[in-house]
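Computed from the coordinates by the stated procedures, all read-outs in this text should not be read as laboratory data. Predicted model, so just to flag it, every value in this text is computed and none were measured. Glycine gets a Cβ as well: all are built from the backbone with ideal geometry, and neighbour counts include every protein chain shown.
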Amino acid sequence: MNKMEIIGISIISCIIFMALLSFGIGSIIDFPKSKQYSPPSIQNPLGTDDLGDDILELLIIGSRTSLLVGFLGALFSTIIGTIIGALSGFFRGVLDDVLGVIIDVFLVIPALPLMIVLAAYLSPSFWNIVIVIGLLWWPTTARLVRARAWQLKSAPFIESLLALGASKTYIVFKHVLPNVLGIASARFILSVSHAILIEAGLSFIGLGDPTNPSWGTMLHFAMTRGALLYGAWWTFIPPGLAISITSLAFIILGMGLEQRQKLSTRSMEDII
Amino acid sequence: MKKIFAAGILVVLTLSLAAVYFQALPITNQPLKQNKTLVIGTINLVRTDNFVKDYYMGIFSACFILDPLARIDASGKVIPYLVNWSTNDSRVWRLNLIANAKWHDGKPVTAEDIAFTIMYLKEKDPNYAVHFQFVNSAVALDNRTVEVTLTKEWTAFIVGLAATRLIPKHVWFNVTDPSAYTGNNRNIGCGPFIYQGFDSASGTMTFIANKDYWKGKPNVDKVILKFYTTTDAMLMALKKGEIATTYAYAKGIDPIYVPSLLGDKNITIMVYPNFGVDNSLWFNCKRYPYNITEFRIAISYALDYGDYLNYIAAGYGEIPTRGWIPNCWDYYVIKPKLSKNSSYAEQLLSSLGFFDRNGDGWRDYPNGTSMIMKIIARSDIAESLRLAELVKRDLEKIGIRVQITPVDVSTFQTLTQRTKDFDAAISRTTFWGMMMYAGAGTLYFDHRNMGWANVDDPEYIAIVDEILRTANQTRVKQLYERIQDLYAERMYVIPLYWGKIIQPYRSDLVEGISYEPMYGILGRDTWYSIK
Amino acid sequence: MKLKNEPSREDVELTAINVSKIYGNKTLALDRVNFSIKKGERVCIVGESGSGKTTLAKILCGMIPPTSGEIRFLNKRIDEMSEMERRIFRIKVQYIPQLPDLALDPTWYLYDSLVEPLRIHKLIASKQEERDLVREICEMIGIRMEVLMRKPGNVSGGELQRVVIARAILLMPYILIADEPTSMLDPSLQAKIIKILLDIQSKYNMGMIFITHDLELAKYVSNRIFIMFKGKFVESGLTNEVLINPHHSYTKSLILNNTS
């Protein structure tokens, strides 16, 4: 393990621990409800929000949604990207032409504004956010996987399987996919960080799921319920920092994994 | 590396947000009083300056450019303005033009314009389809008299006159689609201000005082509306003195902002009664189990009204009574205040057969299937979502599983007004909504009209029908009292809190603002009372 | 292990008639090549790198199609074969690539890679039969069973090459094409691998094509030899005759280079 992986993993473990803690909250720690916008105190270490809810408690509960959306959104986009990339890179021909055009179209259209439009069109819910992230964040993964699949196609073991008469679908799923997993997993970790930022962004502008409290939702209500004007800095600094630190941790881990993958600096830039 | 850098910037940005708080706010105080320009901030965003197409342009044109035929006084009564009226049978109405009004292009206002406006708006503007739903014909008898014939007796016809924005026949008579009309004369009216222009890039709209207004020239020369996308930005501008006051149709500012304004010695906060009901829990009274009166009553005992008042209205308001109608109305009847009694609520629900049947901790339907109450709330209104969250917690405490569905405004309207595909909803009502149809909120209840509550209770329907045809005001008042009995007994809707209208202004920039229930501080009186 | 409709070995012959291969639009890799091999024969194709040896090998085993000319197996053009005949061709003509990085799937255990051809063609009835066959072949080739529980990245080049050979042998081919099977190995291993291949060839009486640039090796392993130069056979015949009495100047220079 290199230094970056250790830093990334230790921060991420802390946050996962927070997310696990959220299931027991209320029974383990019971933060009292208090006056709205109470500043940090002994009862409420990070103060309270507009509903008098404890910020620390919300931060712990919010980590669950933020992480889960991050993981699921990244997983979804990585699966789509990997399958499309592998099929397109391996089959070539008409399929590749079609998929290639789709990849290029998705790469060219600015993802974030489209996500905003799509998220606004769909009703705000946890799964819709995951789907929006998944549907729009796969093209870079697909492009990288496609390049890798293309390389693999001329690898001797694939050639010999073709000569043996193995079906192409068999080869894609049994051999090409396992061989692009390394690149896909590094990309997955980086996508988690993107997905967390996107979720926070969408929630912040009010397109998130307000019933599933996340760090982005905390920021949203801080901004729409006057915390800024009130000077209740404790309502927006903790979630803001939590989002930054978490996504930073995933980026660091992703870069560490990439060093392990021994990818060139050039391709790392592409991934990021 | 790029990304680490970006994330670093994010950290810095977050911290700098905090700095905003500590930063002393510079006061760029311009003596707006001297040059007689009034700058008003608003979050009611206008997208295009066509008053038929754009809802808020309609509101602002009614405030500045177009005159109404009648007005609503501070107590909510309809009083004559451009016209006076008389009727013998509540079917045939005579409207007499009593003002010597002139259009902004110099032409005189005539009875022809009035007759034209009524028939034109009824046909072309969906908003007026309700106001003039029983109008059969409107004919100018002479220069000053219009005869309106209704299809049936209808005493609330005059309410529609207060909503009517008089438009010039010579501009509109050959415009077939008013919402698409872009002619330069599209904003000609006979109101106290002349439309000057809308700059969507800078987000400002300008009005110049009408020197020839029939009631005299307003006390200001110019009004500039500044549009803000967030309340935060608008109030920041108020603190800086960039705007003299704020405006929101049928609404003040979110009360949660009040504490942050109280410290500023130049900002005065006026508190007015709210004739609308700030946020109620609306049941779909045709859908099981919300069609069960006892079920609705049980829920009314589960809610913590004090919390809503404290956390949502920041204490600016009152705990409502079971009669729903706010106490500022003249026909208000004292009813018991709503209060929480969880054990009674639980007992009532259990006795109705709604108890946990499968051991998952949540109440189930009497037939054993699990129950989820879906509450829709407006996703664009933060306090609505927060209120929904509090209601959800209260209901979950008595074992009712709740799911909040945030919806945008058009979905909200579709679900509550057309498809009726909802269990319960959270929304407020406006003064104007309370006035419309048979009044007393009937617009929002009666399943034959907009009817969010989807009420088809025959007793209720009978009262509404009687109000609609009764001319005798004493009898109407009796019926309004009776309707409050029904609200209290049957709990079609649970009012969550009665709010206040909170209106801040800068006393160093403007004084003497007047208030009316319909258009708030942008009513006609303000233009003659401000200094 | 018997295939349905398995032909008798006596009439096995793999033939290339007038085979040309053009890569892209320009590069002429093979120029009207004629070649044939019968069961029990050991044939060498000798040439320097880039002469078209590997291209010919890949065309012979059906990995890539020729641009013109035809490949015949059991007197049938391989591009006109029925599914059944094609399957027999694919099983009975095997190719051992020269050992690069990706001779076997790096993510698979060697055991799974080894038996994969059997599984693809469903040649084995039970797991037990499969294991017995693997054990038998590994014993013969000299692979320790525990090596098969590893992935390609964790075994030596010699072990990997043995597995690659075993993988081809498992199918009991009639014709085995070995493409520089020892070029990536150190000299002490080379001899062992060659010995294994020769043992197998004689044991099963296969037709075996060695592809190499090494004349010493060719002399040692083959009865017949083909000298390839710029996509053409410049000389062919019995190995001893060709090497003792070369006619073509290229062959002469090859022999000269090799002895010096």
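Determine the sum of side-chain charges near C:Gly142: Lys and Arg each +1, Asp and Glu each -1, restricted to other residues whose C-beta is under 15 angstrom from that of C:Gly142.
So the surrounding residues net to +2.
Roughly what % of DSSP beta bridges within the range B:279-500 run antiparallel, to the nearest 5?
50
Could you give the length gained on full extension between B:Ser514 and B:Asp73, defined as 0.36 nm per residue of separation minus the Cα-Cα distance, in nm?
157.6 nm
Using mean Cβ contacts within 10 Å as the protection proxy, how do B:42-55, B:87-100 order, highest first?
Answer by packing, highest mean first, reads B:42-55, B:87-100.
Taking amide H positions as placed in the peptide plane 1.01 Å from N, state which residues far from C:Arg42 in sequence (5 or more) or on other chains have amide H under 5 Å from it.
Sorted by chain and number, the residues that satisfy this are C:Met208, C:Asn223, C:Arg224.
Once you average over the residues of B:463-472, how many Cβ atoms of partner chains fall within 10 Å of each Cβ?
0
Just want to confirm a number: the relative contact order over the range B:63-165, from Cα pairs under 8 angstrom separated by 6+ residues, in percent.
With pairs under 8 Å counted, the relative contact order is 33 percent.
Give me B:Ile400, A:Ile205 sorted ascending by neighbouring Cβ count inside 10 Å, so fewest comes first.
Going from least to most buried by this count: A:Ile205, B:Ile400.
Let me understand the range B:240-396 better: what is its radius of gyration from the alpha carbons, and its Dmax, in angstrom?
When restricted to Cα atoms, the range B:240-396 yields Rg and Dmax of 19.0, 62 Å.
Could you work out how far the C-alpha centroid of the range B:437-462 sits from that of the range B:187-246, in angstrom?
Measuring centre to centre over Cα atoms gives 37 Å.
What does the average come to when, for each residue of peptide C:90-97, you count the partner chain Cβ atoms lying within 10 Å of its Cβ?
Neighbouring Cβ atoms belonging to other protein chains average 3 per residue here.
For the range C:171-242 and the range B:390-433, write down the distance between their C-alpha centroids in whole Å.
82
Using the Cα atoms of the protein assembly as shown, I'd like the radius of gyration and the largest Cα-Cα distance, Dmax, both in angstrom.
Rg then Dmax for the protein assembly as shown, in Å: 42.1, 135.
Rounded to the nearest whole Å³, what is the per residue volume of the convex hull around the Cα atoms of chain C?
Taking only Cα atoms, chain C has a hull volume of 133 Å³ per residue.
Trypsin sites (Lys or Arg not before Pro), restricted to the range B:157-240: which are DSSP loop and have at most 13 other Cβ atoms within 10 Å?
Answer in residue order: B:Lys211.
Please name which of A:Ser214, A:Pro139, A:Leu229 has its Cα lying farthest along the dipole of the range A:64-271 towards the positive end, using unit charges on Cβ (Lys, Arg +1; Asp, Glu -1) and the Cα centre as origin.
A:Pro139
Please report the base-10 log of the normalised intensity I(q)/I(0) for the range C:178-260, using a Debye sum with one equal scatterer per alpha carbon and no solvent, at each q in 0.26 (1/Å).
-1.35
Residues in the range B:289-325 near a label at B:Leu352, defined as backbone nitrogen under 20 Å from the 7 Å Cα→Cβ point?
Under cut-off, by backbone N: B:289-305, B:321-324.
Taking the Cβ-Cβ separation of B:Lys124 and B:Gln473 as r and a Förster radius of 51 Å, what is the calculated FRET efficiency to the nearest 0.05?
My answer for the efficiency is 0.95.
Normalising by the residue count of the range A:64-271, find the relative contact order in percent from Cα pairs under 8 Å and 6+ residues apart.
28
Distances over 27 Å make up what percent of all Cα-Cα pairs in the range B:279-500?
When all Cα pairs of the range B:279-500 are counted, 30 percent exceed 27 Å.
Would you order B:Arg296, B:Arg393 from fewest to most other beta-carbon atoms within 10 Å of each residue's own beta-carbon?
Ascending Cβ contact count within 10 Å gives the list B:Arg393, B:Arg296.
Tell me the volume per residue, in Å³, of the convex hull enclosing the alpha carbons of the range A:64-271.
Looking at the range A:64-271, the number lands at 125 Å³ per residue.
Between B:Tyr55 and A:Val94, what's the calculated FRET efficiency when r is the beta-carbon distance and R0 is 56 Å? Round to 0.05.
In this case the efficiency is close to 0.65.
Label points 7 Å out from Cα along the Cβ direction at C:Ser82 and B:Lys397: separation in nm?
So the label points at C:Ser82 and B:Lys397 sit 8.2 nm apart.
For C:Gly231, what is the net charge nearby, where nearby means another residue's Cβ is under 15 Å from its Cβ and Lys, Arg count +1, Asp, Glu -1?
+4
Per DSSP H run of at least 4 residues, take -39500 (n - 2.57); add these up for chain B, divide by its residues and hand me the 222 nm value, nearest 500 deg cm²/dmol.
Helix-only estimate at 222 nm: -8500 deg cm²/dmol.
I'd like to compare B:150-160, A:134-144, C:131-141, B:436-446: which one has the highest average count of other Cβ atoms within 10 Å, and what's the full order after that?
Order by mean packing, descending: B:436-446, A:134-144, B:150-160, C:131-141.
Just order C:12-25, B:490-503 by mean Cβ neighbour count inside 10 Å, highest at the front, would you?
My ranking of the peptides, most packed first, is B:490-503, C:12-25.
Calculate the mean, over all residues of peptide A:228-241, of how many other protein chain Cβ atoms lie within 10 angstrom of the residue's Cβ.
If you average over the peptide's residues, the count of other-chain Cβ atoms is 5.
Under a plain spin-label model, where a point goes 7 Å from the Cα along Cα-to-Cβ, how far apart in nm are B:Glu481 and B:Val175?
With each label point 7 Å from Cα toward Cβ, the separation is 4.7 nm.
How far apart, in nanometres, would the label points at B:Thr230 and B:Lys211 be if each is projected 7 angstrom from Cα along the Cα-to-Cβ direction?
It is 4.4 nm.
Find the centroid of the Cα atoms in the range A:183-259 and in the range B:100-143, then give the distance between the two in whole Å.
Distance between centres, Cα-based: 55 Å.
Over the Cα atoms of the range C:8-92, how large are the radius of gyration and the largest Cα-Cα distance (Dmax), in Å?
Rg then Dmax for the range C:8-92, in Å: 13.1, 42.
What's the exposure ranking of B:Trp452, B:Trp527, going from fewest to most Cβ atoms within 10 Å?
B:Trp527, B:Trp452
Under the definition of Cα pairs under 8 Å and six or more residues apart, what whole-number percent is the relative contact order of chain C?
Once divided by the residue count of chain C, the mean separation gives 27 percent.
Report, to one decimal in Å, the Kirkwood hydrodynamic radius for the range B:72-171 based on all distinct Cα pairs.
13.7
Using helices alone, what [θ] at 222 nm do you get for chain A, with -39,500 (n - 2.57) per DSSP H run of 4 or more residues, divided over all residues and rounded to the nearest 500?
Using -39500 (n - 2.57) per qualifying helix, the result is -24000 deg cm²/dmol.
May I ask you to derive the FRET efficiency for C:Tyr109 and C:Tyr220 from their Cβ-Cβ distance with R0 = 41 Å, giving the value to the nearest 0.05?
0.75
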